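The structure appears right after this line, and notes come after that.
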Amino acid sequence: MKKIKQSTLIVIFVAVLIIAVGILALFNADDIGVKRELEMNAEFVIKYSDFEKTIGMQDMLDFEPVKFTAVMDTSVSEPEEVTFKGVELKTICEGLGIDISPAETFEVRALDGYSSALTADEVQSDGNVYICMYMNDEVLKPKSEGGYGPYMMVVKSSMFSQRWCKFVQEIEIR
């Protein structure tokens, strides 16, 4: 009798878990579609208060990207100086008419769920935070092709590249 109760409880518990996973998958289905579309269209979103703007590749090119070098140091490779081409995040904000002086934090979110937070001082520091489209003179490939793009945030002052963010999807300014 006791074994039947335990096995019944286990079956009920497993059923509840399966239902919960199914419900969460349904809630995230729309989000997955949006993420896929942003990646395939080479777009990301900037949000600040009531302002929201989708930025595409042509917008980024209009901001006149610059070449710069930074040391990329990952957990699977030795430190290496890499050439990037991108636009400073503060330049993007200025070009969109966003006054970032009252902002305190910038949260950069990736298509894979990773996020990195920056202070306003880091973003306002000259030559520090870039949204990049090229690495070593090649367009950043999307995640589906084994790349880091279509956009990657590089924080030059970040030791070991641990706060860099590949697959940039959204930047929220608070």
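All of the numbers you see were taken from the coordinates with simple rules; none came from a lab. Being a predicted model, the structure only gives us computed values, none of them experimental. Neighbour counts are summed over all protein chains in view; Cβ atoms, including those assigned to glycine, are modelled from backbone coordinates with ideal geometry.
Things to note:
- Ranked by how many other beta carbons lie within 10 Å on average, peptides 7-14, 89-96 from highest: 89-96, 7-14
- Protection-proxy order for peptides 52-58, 149-155, each taking the mean of Cβ atoms within 10 Å per residue, highest first: 149-155, 52-58
- Distance between the modelled labels on T83 and I12, one decimal in nanometres: 6.7 nm (7 Å Cα→Cβ projection).
- This ranking places R109, R174 by how few other beta-carbon atoms lie within 10 Å of each, fewest first, which gives R174, R109.
- Cβ-defined net charge surrounding V71, 11 Å radius [Lys, Arg +1; Asp, Glu -1]: -3
- All Cα-Cα distances of the chain, cut into 10 Å bins from zero to the largest, leave 9, 34, 28, 12, 8, 6, 2, 0 percent in each bin in turn.
- Mean Cα-pair separation over length for the range 46-113, i.e. relative contact order, pairs under 8 Å, 6 or more apart, %: 23
- Centre-to-centre separation between the Cα atoms of the range 61-83 and those of the range 100-174: 11 Å.
- Taking every C-alpha pair closer than 8 Å and separated by at least 6 residues, the mean separation divided by the residue count of the range 49-174 gives a relative contact order of 26 percent.
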